[in-house]
Amino acid sequence: MSDKKVILKVRNLTKEFKIRAQKFGEQPQILHALTDVSVDIYEGETLGIIGESGCGKSTFGKCLVQLHKATAGSVEYDGRNIFELKKEDLKNLKRDIQMVFQDPFSSLDPRMTAGKLVEEPMIVHKVVTDKAERSRKALELLQTVGLDVQHVHRYPHEFSGGQRQRINVARALALNPKLIVCDEPVSALDVSIQAQVLNLFNQLQKEYNLTYVFISHDLSVIKHISDRIAIMYLGRIVELCDANSIYENPLHPYTQALLSAIPPESPFEKRERIVLSGEIPSPIGEQKGCPLAKRCPKCMERCKTDAPQLKDVGDGHHVACFLFDDK
Amino acid sequence: MSENLLTVKDLKTYFFTASGVSKAVDGVSFTLKKGETMGIVGESGSGKSVTASSIIRLLPPKIGRIVEGTIDFEGKDIIKLNKKELLNFRGKDIAVIFQDPMTSLDPVFKIGNQMVEMICAHQDVSKEEARKMAVEALKKVGIPQPEKRMESYPYELSGGMCQRVIIAMAVCCKPKMVIADEPTTALDVTVQAQVLELLQELQDEMDTSILLITHNLGVVWKMCDTVMVLYAGKTVEYADTKTLYAQPLHPYTWGLLDSMPKLSDTVKGELNTIPGVPPDLRLTGNCCNFYNRCPYAQERCGKEVPELVEVEPGHFVACHRQNKENKLVRGEENRNE
Amino acid sequence: MAKQKNTATAEVLGAEAHSQLIKRERRANNVWNKLRRNKTAMIGLVIVVFMMLMAILAPLIATHDPNAIKPSETYLSFGEKGHIFGTDEFGRDLFSRIVYGARVSLIAAIGGTVVGAIIGILLGLLSGYLGGAVDAVIMRLMDGMLAFPFVLLAIILMTILGSGLPNVILAIGIGNVPSFARVVRGQVHIVKNEEYCNAGRVLGVSNIRMLFRHILPNTISPIIVYATLNVAGAIISEATLSFLGLGISQPTASWGNILRAGKDCLNTAPHIATISGIFILITVLGFNLFGDGVRDVLDPKMKK
């Protein structure tokens, strides 16, 4: 792993949202969406990010493409912190880091045709200025993602979910990006279509040497597409390892519980479920100790006061839990 | 074998729109036995939700209409019920759990009031008794401090809790059958597991039948005794769950099973997919609906609509190439078993 | 990806059939075709078109010169001496005045709405998109204007500007700015948080392009609906101003000042006020019906 080139270096990324006070005169509260997230993303790999709703995985993606302004921390790309870039550099950066959104029904402007949608990035960045050349390139891109000439003049609502997601991908590809943040790109799709889109992602990665940050709540999807997986819980990465070991050797109690909750793969399979008592605690207000402390079956005294750091326990398998502190 | 509770035969529900007739449900047949759980799986637009709405007769007025078929519930034909009988049927005999728990509860009323109102509408009890029943039901579905929760508004509860409240509402009238339309799609996996287990417990306790509509095959494997696969408004395969998993017969079912990424898969392998997209429901009905995506299609498939036939006892399939005499063997694509 | 199949029935489920279907769907969901299926909208449209034709073709329709005074034929009733609607206090032909008045009234109403819409849309877009201090300043200004009763505002404006058609248009326009700005701002707030706007931001779309290529086109439907309904209100505004003697000045005919003239002789010649009142009523009704229909058609909830 270590000989690979790091494309994105995320250090102590933190995002807090201020929540407006409910009552007059009350102090505004703070929602800790993302706490101290540090991770290296290697060139050409797929980093899968998984977690339950509210764990901060989408916030993480949105911070990378700067839809959210991070409260603290840094993201280094090409040796420079992307949060400190000036106007022109920022625009160039946006060519390199693209995003595919979750909901294929709302992420395309309903009043633009597929062709125009794919042309837009080229217009914005003045990549291709000749009109005919641009529409030719747009068609080419649409064909790359499995659509064809008859689709160019259709509006988004005339496509099915899978086809719309293909348009989204074509749009992201238009600028030859290096890294694509995929925020639940297949969650809204049907199984058979989901498989097609996943194959498309894999095929494009090989072809263009893309790096993906792939966010999803579906472990089998993440397992299928990722080289490494980060498991998030309450704004923190609790485990980070390569895709196979998460299934074969999950270490963090939360990962184990999550795995045991996944529906079986056949009617003959019976899973022993590890139950986490109670619900996910609120990310609002002061956070103390390990985020899982209240629900963890292996909770120790120390967990209630200190938050464990993400540590390497060998073979690039990182885990944030005091159980593995001595190793 | 226990007795049949619900028998749906050749149900056809069409939507009449300005741009054509959409054959949302175009020939669905199945039988649900007492105490059994049946799964309906299919992609969006396959007609699984419309089948459910047809059974409770809650179709969008004017546009949607049941044009053919019978829905037999304990000897009465649901399609012929009048308004009053229908109201009695819904809620008392049948309860429905919808996909989105947050929108199925009225946000301006307290949970307790909503439950009491529901109970009073269907059972001849006083308000105090209804209240007691409601608290009892909340306790049964595992909601901590049920008395306190009765005074909460829906937005004060999480999605999983709301779904529990809805299940509590569904069970306190002791319905003979529960239709669960994607009950866990909006929930996280850990919560999903809890809700599904709760449904199973309640079923064992009260001996109700469950019609579980889902797109998630994993949920089917976990919950269902029998399963029906829908494609473009038609039943393509119907069998008990284990048979369907071990010996699926319809090419669409094969494709569906192959398309699921599995945890045991190798990383970044190519998934076997079904090429193309499902047909528009305004175009279907003249041939096998799967014809244009099926790798095994023959000339006949493009000309005739296949009938649903019982190939083996209890195993129904609608495919021209699958019958008693002549069996199609699943192609070279080998799945990781 | 997909293996191409060239067998016979590609025509039933295949791409060609699907394209045909999309064409049919486009036709069925075309705004005009949807409007045609809407009865109220069609009734409204017929009235509106009738009034507009009347205004445009006034010189052909009018039987007399609307401003020709004939002292010998004052206060004639319906049909007397070839005057279809009779005459007014100066002996001018009422029918011709109504016909020419339609011109003035419709131009004032539609013009006023357009002026109000243009200013309102710009302010609303800025206010909704930029938010913060700009939003606060613009919206408080609008609130201030809304706090004035329209008539009072118009009186002030007309006193400053003086009477005459362009000034009536301007006064009605300015009076309409706050409500347009509010409608647009509300829409912008919804649209700017849509995922496709976020997608644009990730692409690096500039603010100007975002505003005019993405946000404005997606807010236009409710603006059209509001504008159509607003014309009805503007007709009344013009009538009000003229009725108060602040709008179109004599001898130019407008429905408002015909009504004003009719007021003075309600006992002796009630037909003058009645006829002009009826025309105002029908036109307002027409625009309202049409606007309701347009709303049904363009309502985002009806969209799939």
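Residues in the stretch C:233-246 that are closer than 30 Å to residue C:129 by Cα and surrounded by fewer than 23 Cβ atoms within 10 Å (Cβ to Cβ): C:233 only. Looking only at the stretch A:33-70, residues that are free of Cβ contacts under 8 Å to residues at least 60 places away in the same chain and part of a loop (DSSP other than H, G, I, E, B) come to 5 in all.
With respect to the conditions (1) of a type in the set (A, V, I, L, M, F, W, C); (2) farther than 30 Å from residue A:303 by Cα; (3) surrounded by fewer than 21 Cβ atoms within 10 Å (Cβ to Cβ), residue A:274 lacks only one, and its number is (2). On the given criteria, is residue B:311 part of a strand (DSSP E or B), more than 10 Å from every other protein chain (Cβ to nearest Cβ), over 30 Å from residue A:47 (Cβ atoms) and more than 23 Å from the chain's Cα centre (by Cα)? Answer is yes for this residue. Cβ-Cβ contacts under 9 Å between residues 6 or more apart (or on different chains), taken from a first residue in the stretch B:280-299 that is farther than 16 Å from residue B:322 by Cα and at the interface with chain C (Cβ under 8 Å from one of its Cβ atoms) to a second residue that is basic (Lys, Arg) and surrounded by fewer than 22 Cβ atoms within 10 Å (Cβ to Cβ), are listed as B:282/C:24; B:286/B:303; B:292/C:5. Residue under question is residue B:245, and the condition is that it be modelled with pLDDT of 90 or more, of a type outside the set (D, E, K, R) and either more than 24 Å from residue C:19 (Cα to Cα) or crowded, with 24+ Cβ neighbours inside 10 Å (or both); does it hold? So residue B:245 fits the description; yes.
Within the stretch C:198-215, being surrounded by 21 or more Cβ atoms within 10 Å (Cβ to Cβ) and more than 7 Å from chain A (Cβ to nearest Cβ) holds for C:200, C:215. Evaluate the following for residue A:94: is it among the charged types (D, E, K, R) and either in a loop (DSSP other than H, G, I, E, B) or more than 30 Å from residue A:306 (Cα to Cα) (or both)? Yes; evaluated as a whole, the condition is true for this residue. Cβ-Cβ distances below 7 Å connect the following pairs, each with a first residue in the stretch A:264-276 that is more than 7 Å from chain B (Cβ to nearest Cβ), a second residue that is surrounded by 15 or more Cβ atoms within 10 Å (Cβ to Cβ) and in a loop (DSSP other than H, G, I, E, B), and a separation of six or more residues or different chains: A:271/A:264. Residues that are within 16 Å of the chain's Cα centre (by Cα), under 27 Å from residue A:243 (Cβ atoms), within 14 Å of chain C (Cβ to nearest Cβ) and of a type in the set (Gly, Ala, Ser) do not occur anywhere in the stretch A:42-54. Considering only residues that are more than 14 Å from chain C (Cβ to nearest Cβ) and aromatic (Phe, Trp, Tyr), which ones fall in the stretch B:236-268? Answer for the stretch B:236-268, where residues must be more than 14 Å from chain C (Cβ to nearest Cβ) and aromatic (Phe, Trp, Tyr): B:238, B:245, B:254. Name every residue in the stretch C:217-232 that is surrounded by fewer than 20 Cβ atoms within 10 Å (Cβ to Cβ) and more than 17 Å from the chain's Cα centre (by Cα), in order of residue number. Selection gives C:217 alone. Here residue A:107 meets each of (1) assigned to a loop (DSSP other than H, G, I, E, B); (2) buried (at least 22 other Cβ atoms within 10 Å of the Cβ); (3) more than 11 Å from chain C (Cβ to nearest Cβ) with one exception, condition (3).
Can you name the residue in the stretch A:136-168 that is among the charged types (D, E, K, R) and part of a loop (DSSP other than H, G, I, E, B) and, of all such residues, is modelled with the lowest pLDDT? If we take residues in the stretch A:136-168 being among the charged types (D, E, K, R) and part of a loop (DSSP other than H, G, I, E, B), then A:148 is modelled with the lowest pLDDT. Restricting attention to the stretch A:245-289, the residues being among the small types (Gly, Ala, Ser), touching an Asp or Glu at 6+ places or on another chain (Cβ under 8 Å) and assigned to a loop (DSSP other than H, G, I, E, B) number 1.
Going by the conditions given, is residue B:271 surrounded by fewer than 18 Cβ atoms within 10 Å (Cβ to Cβ), part of a loop (DSSP other than H, G, I, E, B), among the hydrophobic types (A, V, I, L, M, F, W, C) and more than 9 Å from chain C (Cβ to nearest Cβ)? Spelling it out, it is not the case that residue B:271 is surrounded by fewer than 18 Cβ atoms within 10 Å (Cβ to Cβ), part of a loop (DSSP other than H, G, I, E, B), among the hydrophobic types (A, V, I, L, M, F, W, C) and more than 9 Å from chain C (Cβ to nearest Cβ). Taking the criterion of being surrounded by 23 or more Cβ atoms within 10 Å (Cβ to Cβ), more than 13 Å from the chain's Cα centre (by Cα) and in a loop (DSSP other than H, G, I, E, B), the only residue of the stretch B:188-227 that qualifies is B:208. Filtered by the rule that a residue be in a strand (DSSP E or B) and in contact with a strand residue (DSSP E or B) (Cβ under 8 Å, 6 or more places away or on another chain), the stretch B:228-248 gives B:228, B:229, B:230, B:234, B:235, B:236, B:237, B:238, B:239, B:240.
So in the stretch B:103-120, with the set limited to residues that are in contact with a helix residue (DSSP H, G or I) (Cβ under 7 Å, 6 or more places away or on another chain) and assigned to a helix (DSSP H, G or I), which one is surrounded by the most Cβ atoms within 10 Å (Cβ to Cβ)? The qualifying residue surrounded by the most Cβ atoms within 10 Å (Cβ to Cβ) is B:111.
What do you reckon, is residue A:245 surrounded by fewer than 19 Cβ atoms within 10 Å (Cβ to Cβ), more than 10 Å from chain B (Cβ to nearest Cβ) and in contact (Cβ under 8 Å) with a residue 60 or more places away in the chain? Criteria met by residue A:245.
Return yes when residue C:233 is in a helix (DSSP H, G or I), under 30 Å from residue C:70 (Cα atoms) and of a type outside the set (D, E, K, R) and no when it is not. So residue C:233 does not fit the description; no.
Residue count for the stretch B:300-328 satisfying the condition of being modelled with pLDDT of 90 or more and among the polar types (S, T, N, Q): 0. Looking across the stretch B:29-76, just one residue is assigned to a strand (DSSP E or B), acidic (Asp, Glu) and either closer than 23 Å to residue B:226 by Cα or in contact with a helix residue (DSSP H, G or I) (Cβ under 8 Å, 6 or more places away or on another chain) (or both), and that is B:72. Count of the stretch A:282-305 residues, restricted to those that are under 17 Å from residue A:32 (Cα atoms), surrounded by fewer than 17 Cβ atoms within 10 Å (Cβ to Cβ) and either modelled with pLDDT of 85 or more or of a type outside the set (Asp, Glu) (or both), is 5. Counting only residues that are closer than 25 Å to residue C:212 by Cβ and exposed (fewer than 14 other Cβ atoms within 10 Å of the Cβ), the stretch C:127-152 holds 4 of them.
Here is the figure for the stretch A:254-266: residues that are touching a strand residue (DSSP E or B) at 6+ places or on another chain (Cβ under 9 Å) and either under 16 Å from residue B:196 (Cα atoms) or at pLDDT below 90 (or both) total 1.
For the stretch A:124-135, the count of residues that are outside any helix (DSSP H, G or I), at the interface with another protein chain (Cβ under 10 Å from one of its Cβ atoms), touching a residue at least 12 places away in the same chain (Cβ under 8 Å) and surrounded by fewer than 19 Cβ atoms within 10 Å (Cβ to Cβ) is at least one.
The values are calculated or read from the model by the stated rules, or taken from the named source; none is laboratory data. Remember, it's a predicted structure, so these values are computed and weren't measured experimentally. Positions of Cβ are generated from backbone atoms using ideal geometry, with glycine treated the same way; all protein chains shown enter the neighbour counts.
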